[in-house]
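*Asks:* Would you mind keeping the following structure in view while I ask a few things?
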Amino acid sequence: MLRFYHDAGKVLYFNETGLKQSVIIDVQWFVDVFKHVITDTLHVDGIIGSSGDWYEYYETGNLKDTLLENIWADSKKTDTLCHKQTILDFMQRLGLVAVGKESHYVPCMNRKEMNDNQKNILQSKSKSSLLVYRFKVLPFFFFFRLVVACMQEKGWTVPKSEGISYLYKNMALFAFGQYNIILSVTADSIQLQVLHAQDEQSLDERKTRQIQGTVETHLNAIIGTFHKKLMFVRGIRCQEDKSTPFAMKIEGYFLEEKDIQSEDQNEICPQHRLENKHKINLYELKKYWVF
């Protein structure tokens, strides 16, 4: 019965460990609680919090727990703080927030751009080809939910530089053992690339395919919860874009899965047979991924 009402949008209920003991019976109440977190400088009068904490939240999406409590204490919904942990658990399950002990990450609030110094970590010689999930319509919050899901993945961590996480408005960097994982988003694609932390070391194809499996498991789960299931086409970018280490333009460079069935190591790129002609090594482009 609870699952039926959840699917109908009447309640929020997940038959999962840590969540199944609670039911949110007023969905609009839950939405309003989250809307109160997604605030801006025009709506913070009277909310206690240092200017440094507010600035960090607005720029990076990193929300101090003390600031969150002050925001909810200011809310007219006086019962919010009484159910704080349950609310946070549901928000995390829905991909709205990544919950921490002293602070939480709200990805839709992240406005941070990567500077040149921070890009250095992405300049590895040992890297995979760019795996692309292309959508006809891509709701941007899919990427937010994917990032939050990966932040909960065992063994995956978000590196920091000078205390600042490698999380940006259109890119997230994860560390997994000796590998760095880049997830990025454009208007119509989510992209995955794997780099070895040590330039002289080659990538293990079993590891890259394991990472691919993890990302696709989360991505399919996110897509499956949308009111109309959206599909993606998987493929690779035929050339690296040396102007940017992430979120690469794919228009005119995208090789769809069905068009790269051969493993020719010296083939004219199907996208550039007439103009900008160049050769590609399909074996090298495909070997890191499961197609």
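*Asks:* Using only Cα atoms and rounding to the nearest 10 degrees, what angle (0 to 90) does helix 141-151 make with the longest principal axis of the chain?
*Replies:* Rounded to the nearest ten degrees, it is 90.
*Asks:* Moving on to the next point. Collect residues whose amide H, placed 1.01 Å from N in the peptide plane, falls under 5 Å from the amide H of LYS64; neighbours closer than 5 in sequence don't count.
*Replies:* For LYS64, whose amide H was placed from the backbone, the distant partners under 5 Å are HIS104.
*Asks:* Please list, in order along the stretch 93-104, the HN-Hα scalar couplings obtained from phi with the Karplus expression 6.51 cos²θ - 1.76 cosθ + 1.60 (θ = phi - 60°), rounded to whole Hz, x for Gly and Pro.
*Replies:* 4, 8, x, 8, 8, 9, 8, x, 7, 9, 7, 10
*Asks:* Going by how many other Cβ atoms sit within 10 Å of their own, how do TYR283, TYR105 line up, fewest first?
*Replies:* Going from least to most buried by this count: TYR283, TYR105.
*Asks:* Around ASP89, under 13 Å between beta carbons, what's the net of Lys plus Arg minus Asp minus Glu among the other residues?
*Replies:* Computed value for this residue: +2.
*Asks:* Under the 0.36 nm per residue contour assumption, what length would be gained going from the current alpha-carbon distance of VAL27 and GLU59 to full extension?
*Replies:* 8.7 nm
*Asks:* What angle do you read, to the nearest 10 degrees and between 0 and 90, between the alpha-carbon axis of helix 27-37 and the longest principal axis of the chain?
*Replies:* Tilt of helix 27-37: around 80 degrees.
*Asks:* Measure out, as a whole number of angstrom, how far apart the alpha-carbon centroids of the stretch 1-37 and the stretch 221-291 sit.
*Replies:* One Cα centre to the other: 39 Å.
*Asks:* When only alpha-carbon atoms count, how far does the chain stretch along each of its three principal axes, as whole angstroms with the largest first?
*Replies:* 67, 47, 34
*Asks:* Counting only residues 5 or more places away or on other chains, whose amide H sits under 5 Å from the amide H of VAL11 once H atoms are built in the peptide plane?
*Replies:* So VAL11 has HN proximity to HIS6.
*Asks:* Would you look at the GNM of the chain, springs on alpha carbons closer than 10 Å, and say which of LEU67, LEU12, LEU192 moves the most?
*Replies:* Taking springs between Cα atoms under 10 Å, the residue moving most is LEU12.
*Asks:* While we're looking at this one, here's another question. Can you compute 3J(HN,Hα) from phi for each residue in the stretch 116-123, using the Karplus curve 6.51 cos²θ - 1.76 cosθ + 1.60 with θ = phi - 60°, rounded to whole Hz and x for Gly and Pro?
*Replies:* 4, 5, 6, 5, 4, 5, 9, 8
*Asks:* Sticking with this structure for a sec: Among the listed pairs LYS249/LYS279; LYS207/LYS249; LYS258/LYS286, give every one whose C-alpha distance is greater than 21 Å.
*Replies:* From LYS249/LYS279; LYS207/LYS249; LYS258/LYS286, over 21 Å: LYS207/LYS249.
*Asks:* Shifting gears a bit: Largest first and in whole Å, what are the equivalent-ellipsoid semi-axes of the stretch 2-109 based on the Cα gyration tensor, each being the root of 5 times an eigenvalue?
*Replies:* Working: eigenvalues 135, 41, 28 Å².
In descending order, the three semi-axes are 26, 14, 12 Å.
*Asks:* May I pose another question? Looking at the chain as a GNM with Cα springs under 10 Å, which of GLY224, GLY177, GLY52 has the largest mean-square fluctuation?
*Replies:* GLY52
*Asks:* Still on this structure, please answer the following. Return the calculated 222 nm mean residue ellipticity for the chain, to the nearest 500 deg cm²/dmol, obtained by summing -39500 (n - 2.57) across DSSP H runs with n ≥ 4 and dividing by the residue count.
*Replies:* -8500 deg cm²/dmol
*Asks:* To the nearest 10 degrees, how steeply does helix 51-60 sit against the main Cα axis of the chain, on a 0 to 90 scale?
*Replies:* Long axis of 51-60 versus the principal axis of the chain: about 40 degrees.
*Asks:* Under a 10 Å cutoff between Cα atoms, tell me which one of GLY235, GLY252, GLY49 has the largest fluctuation in the Gaussian network model of the chain.
*Replies:* GLY252
*Asks:* Right, here's the next one. Rank the residues MET171, MET1 as a footprinting-exposure proxy: fewest other Cβ atoms within 10 Å of their Cβ go first.
*Replies:* Going from sparsest to densest Cβ surroundings: MET1, MET171.
*Asks:* Right, another one. For the stretch 183-196, take each phi angle, set θ = phi - 60°, evaluate the Karplus expression 6.51 cos²θ - 1.76 cosθ + 1.60, and give the result in whole Hz per residue in order, putting x for glycine and proline.
*Replies:* 10, 9, 9, 10, 4, 10, 8, 10, 10, 10, 9, 10, 10, 8
*Asks:* Ok, one more. Using +1 at the Cβ of each Lys and Arg and -1 at the Cβ of each Asp and Glu in the chain, identify which of SER50, MET114, GLY252 lies farthest towards the dipole's positive end.
*Replies:* Highest projection toward the positive end goes to GLY252.
Readers should treat all values here as calculations from the given coordinates under stated rules, not as data from a laboratory. On a predicted model such as this, the values are computed, not experimentally measured, just so you know. All Cβ positions, glycine included, derive from the backbone under ideal geometry; neighbour counts span all protein chains shown.
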